[in-house]
Amino acid sequence: MDKVKYIFVTGGVTSSLGKGIISASLAKLLQARGYRVTIQKLDPYLNIDPGTLNPYEHGECYVTDDGAETDLDLGHYERFLNAPTSQSNNVTTGKIYQTILENERRGDYLGKTVQVIPHITNEIKRRVQLLGETDEYDIVITELGGTVGDIESLPFLESVRQLRWDLGVDQTCVIHLTLIPYLAAAGELKTKPTQHSVKELQENGILPDIIVCRTEHKLTSDIRKKIALFCNVNFNAVIESCDVPSIYQVPLEMLREKLDRVVLSKIKLPLRQEPDLSKWKDFLFRLEHHKSEVQIGLIGKYVELPDAYKSIVEAFHHAGASTEIKPNMTYISSGSISEENVREKLIKLDGILVAPGFGERGINGKIESIKFAREHKIPYFGICLGMQCAVIEFAQNVAKLPDAHSTEMFPNTHHKVIDIMEDQKDIEHMGGTMRLGSYDCKLVKGSNAFKAYGKTNIQERHRHRFEFNNEYLSDFESKGLKATGINPSTGLVEVVEMEKHPFFVGVQFHPELKSTVETPHPLFEKFLKAAEHLNQIKN
Ligand code: GLN
């Protein structure tokens, strides 16, 4: 087998420049040329994984099939490449140190001093190459989180420097993403911050091969020449990345700038075919040309930060394009909804989604919203906590169990309709111990869920600790709340649906995590169609 090539993507000047999108866009182009590509994210923070981070800190926590709690950039990788990622695709400083410290306690380094160099850097290098050793990929793209100059990024940069020597220069390529700010007063684009940031990289022994410049204005030929001259790269290796309205346009921008060509020539791989992006372009066209519009309310407690619900929002874009129904999203803080104002806040909506979440804050607003959706026959889609709240609302208002609740919010409530499972009760550590990753689910024929998927056996990803309490199942089913998806090996309820309602579906899993550009999620599509139906009746 030919040697695997490694591409590293670093960031300079500021954070939030979109390394994840650039990495995913490059990967898409290389994939469209016929290469087998994967992307990995190295995160410099000390948490073992982002699972214990508040979404306000780091946005949504993305979950892989094999149950890793990861950075939200992995969601972009999957959505762009239409291929699953795994545990190996996200490595944090926390994980690296955990491994080294466990080795040390086991006695692996007896007699030796354990140090950042070589022990930490060797472990980083090992992790970077794990994906390459699977024989599944021709190219591994590694995105380095953080910004060059951060203290905590240093071991990662040193590892990249060493890997370039270990593997050979033609085997690797370093892309540095920077910002070219525009000074309105001077009417000029400024290259100095980029020069400084490249110098900083060079001080760490890394000479970038390609500079991708985030900019609000087009780069003139003079600016490109200046960057090439001062940053030691070829003129054609200065790539412009102008702001575009949708992240999904970035692969086409990078194609226009020939990023894929420059990369392939650097790592000495043939161009193969011209990238086949017909499906991608078709999606982009549909993203702009809808036949109808619907109003969707996303109710959650982190709505001020859209990154907290990244995958849900993207899943709506994918389903909106495939169904040609434009979802106009309104983000509503669950804490702002009460019995008194629920009508005023939700009456204009064609579809209501209650988002995943943890803890008590905003829970009553979620329950009020679900009651409103149930009683007014507004399409309802509940995800994870959104499904659990639907069960609580039904128990309180239809099954007439006023104190029914989840033991997550009220541990001592009498009617524990959502409860912690036996195997979760003795768990003391919070990190990585939820029900995580892909589980089988069997759908009931004739249900809305079955109609959406068009099959009975499905697999979806989970991230939660609490479950529907089956003691209440037969009572609730007789009163109209049906379990239409069951885990075949444990009997746990994974999907609930309301009878005599056009679309009222609660799912214990996270369907949004499996929605991609090329494979939009059927539940999101079905929800949008139900919302469109209501919208047509209203108008
Ligand atoms: N807090 C709930 C649980 O742990 C739901 C989690 C979620 O919505 N992802 O079960």
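Remarks
- Of all residues assigned to the range 149-169, at least one qualifies as being within 20 Å of Lys41 (Cβ to Cβ), touching an Asp or Glu at 6+ places or on another chain (Cβ under 7 Å) and modelled with pLDDT under 95.
- Evaluating Leu385 against the criteria (1) within 11 Å of the ligand (Cβ to nearest atom); (2) open to solvent by 60 Å² or more (accessible area, probe 1.4 Å) leaves one unmet condition, (2).
- Residue count, the range 235-249 (criterion: more than 22 Å from Ala27 (Cβ to Cβ) and either out of contact with any Lys or Arg (no Cβ under 7 Å at 6 or more places or on another chain) or surrounded by 15 or more Cβ atoms within 10 Å (Cβ to Cβ) (or both)): 0
- Lone qualifier among Thr93, Thr142, Thr172 - being modelled with pLDDT of 95 or more and more than 25 Å from the chain's Cα centre (by Cα): Thr172
- Selection of the range 493-508 for residues being over 16 Å from Thr456 (Cβ atoms) and either in contact with a Cys (Cβ under 9 Å, 6 or more places away or on another chain) or β-branched (Val, Ile, Thr) (or both) yields Val496, Gly506, Gln508.
To keep it simple, each residue is scored yes or no on (1) within 15 Å of the ligand (Cβ to nearest atom); (2) among the small types (Gly, Ala, Ser).
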| residue | (1), (2) |
| --- | --- |
| Leu298 | yes, no |
| Ile312 | yes, no |
| Ala321 | no, yes |
| Gly335 | no, yes |
| Phe372 | no, no |
| His376 | no, no |
| Gln396 | no, no |
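- Residues within the range 287-314 that are out of contact with any Leu (no Cβ under 8 Å at 6 or more places or on another chain), in a helix (DSSP H, G or I) and crowded, with 17+ Cβ neighbours inside 10 Å, tallied: 3
- Considering Leu255, Leu259, Leu179, the condition of being open to solvent by less than 10 Å² (accessible area, probe 1.4 Å) and touching a residue at least 12 places away in the same chain (Cβ under 8 Å) is satisfied by Leu259 alone.
- Checking the stated criteria, Thr490 turns out to be within 16 Å of the ligand (Cβ to nearest atom), open to solvent by 30 Å² or more (accessible area, probe 1.4 Å), hydroxyl-bearing (Ser, Thr, Tyr) and out of contact with any strand residue (DSSP E or B) (no Cβ under 6 Å at 6 or more places or on another chain).
- Every condition in (1) on the phi > 0 side of the Ramachandran plot; (2) open to solvent by 20 Å² or more (accessible area, probe 1.4 Å); (3) in contact (Cβ under 8 Å) with a residue 12 or more places away in the chain is met by Gly111 except one, and the failing one is (3).
- Selection from the range 315-339 of residues that are under 17 Å from Glu532 (Cα atoms), open to solvent by 10 Å² or more (accessible area, probe 1.4 Å) and either hydroxyl-bearing (Ser, Thr, Tyr) or assigned to a strand (DSSP E or B) (or both): Ser322, Thr323, Lys326, Pro327, Asn328, Met329, Thr330
- Residues in the range 398-409 that are open to solvent by 10 Å² or more (accessible area, probe 1.4 Å) and within 12 Å of the ligand (Cβ to nearest atom): Thr407, Glu408, Met409.
- Residue ranges of strands (runs of 3 or more DSSP E) in the range 415-482 with at least 2 members open to solvent by 20 Å² or more (accessible area, probe 1.4 Å) and more than 14 Å from the ligand (Cβ to nearest atom): 435-443, 457-464
- Filter result for Gly59 (open to solvent by less than 60 Å² (accessible area, probe 1.4 Å), of a type outside the set (A, V, I, L, M, F, W, C), on the phi > 0 side of the Ramachandran plot and touching a residue at least 12 places away in the same chain (Cβ under 8 Å)): yes
- With respect to the conditions (1) within 12 Å of the ligand (Cβ to nearest atom); (2) surrounded by fewer than 18 Cβ atoms within 10 Å (Cβ to Cβ), Val391 lacks only one, and its number is (2).
The values are calculated or read from the model by the stated rules, or taken from the named source; none is laboratory data. Computed from a predicted structure; not experimentally measured. Don't worry about glycine lacking a Cβ; one is built from the backbone with ideal geometry, like all the others, and counts go over all protein chains shown. To get the accessible areas, we keep the full protein, side chains included, count just its heavy atoms, and leave off ligands, DNA and RNA. Shrake-Rupley method; radii C 1.70, N 1.55, O 1.52, S 1.80 Å.
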